[in-house]
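The values are calculated or read from the model by the stated rules, or taken from the named source; none is laboratory data. This one's a predicted model, so the numbers in the text were calculated from it and none came from an experiment. Here the Cβ is made from the backbone with ideal geometry for all residues, glycine too, and neighbour counts use every protein chain on show.
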Amino acid sequence: MLAVCATPIGNLEDVTLRVLSELADADLVLCEDTRHTRRLLERHGIRSRLRSYHEHNEAARTAEVLPRLQAGERIALVSDAGLPGISDPGARLIGAALEAGVPVTVLPGASAVDTALVAGGFAAERYQFLGFLPRGESALARVWNELASWQWPAVAFESPRRLPATLRSLAATDPKRTIAVCRELTKRHEQVVRGSVEEVAAAFADPPKGEITLVVGPAAKAEPADLAAAARGVAELVAAGLPRRQAAEVIARLTGLSRRRLYDMSL
């Protein structure tokens with residue numbers, strides 16, 4: 001059996017009793033960083049056999065471990081923080097085990113995504129998870145354009161080194177949008193900074209330390225009059241000879257409205 005175990009996102013006390021029991025009973029524990037997982041096990045008095053499983057050896061380790069799972073061994077899979085397979089290694093092994101008919105069980109636990117949504121004041125029935133944000137201005141601009149009319153929160157992971165540039169990129173597109181930067185969640189120096197993009201960008205002009213979870217609040221709902229005026233703008237650009245799709249993109253960038261919606265309205 002393969003047991004996919006969620007581990008703490010920061011505070012080592014945030015681990016479930018089920019996960020501790022599984023880690024103690026497993027024939028083998030696969031982990032991103034054996035040193036990191038060993039600290040968790042030692043904190044809770046558990047001694048288990050550890051083996052590395054990370055993005056650089058995921059394919060080879062899956063081929064090595066799958067026969068052991070098929071032979072009936074009990075193997076636990078963990079990442080450094082959170083649930084394996086969610087922006088962390090694990091999906092390859094989980095998929096291979098399921099295809100081979102090996103029982104797979106998931107032991108849930110702490111989540112940086114859920115914690116950031118609630119801590120940032122954006123708890124909602126619906127949200128979008130973006131994973132790690134892309135590098136580069138053009139790639140980021142495409143993300144912001146996709147979120148321009150998104151009416152629910154969006155959660156992303158970002159490196160502290162790239163955070164200032166990311167916030168400046170979003171501020172250039174939508175400076176008044178409400179966001180929250182959640183730093184070092186559940187740890188001693190936990191910090192949640194919430195406000196408009198331009199305010200939060202000013203607070204993080206220099207790279208901070210620690211792990212970062214970014215929550216982008218819902219887009220402001222467009223008034224019908226705004227939509228009508230934007231649609232007229234698209235029509236005017238088309239009449240001037242600009243391709244319809246490009247015209248919709250120009251107006252979308254100026255207004256923060258959905259390019260797709262403006263394009264559809266102009267047909």
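List the number of the failed condition for ALA123; all other conditions in (1) in contact with a helix residue (DSSP H, G or I) (Cβ under 6 Å, 6 or more places away or on another chain); (2) part of a loop (DSSP other than H, G, I, E, B); (3) surrounded by 17 or more Cβ atoms within 10 Å (Cβ to Cβ); (4) not hydroxyl-bearing (Ser, Thr, Tyr) hold.
(3)
Go through (1) at pLDDT 90 or above; (2) closer than 19 Å to ASN145 by Cβ for VAL193 and report which single condition fails.
Of everything listed in (1) at pLDDT 90 or above; (2) closer than 19 Å to ASN145 by Cβ, VAL193 misses just condition (2).
Table: residues versus (1) free of Cβ contacts under 8 Å to residues at least 12 places away in the same chain; (2) farther than 19 Å from PHE129 by Cα; (3) touching a strand residue (DSSP E or B) at 6+ places or on another chain (Cβ under 8 Å).
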position: SER159; (1), (2), (3): no, no, yes
position: THR186; (1), (2), (3): no, yes, no
position: VAL215; (1), (2), (3): no, no, yes
position: LEU227; (1), (2), (3): no, yes, no
position: PRO243; (1), (2), (3): yes, yes, no
position: SER266; (1), (2), (3): no, yes, no
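Within the range 100-119, restricting attention to residues that are among the small types (Gly, Ala, Ser) and under 15 Å from the mean Cα position of the chain (by Cα), which residue is nearest to GLU22 (Cα to Cα)?
Within the range 100-119, the match that is nearest to GLU22 (Cα to Cα) is ALA110.
Taking the range 59-96 as the region of interest, how many residues are farther than 27 Å from LEU133 by Cα and either small (Gly, Ala, Ser) or not assigned by TED's automatic domain parsing to the domain that holds SER48 (or both)?
6
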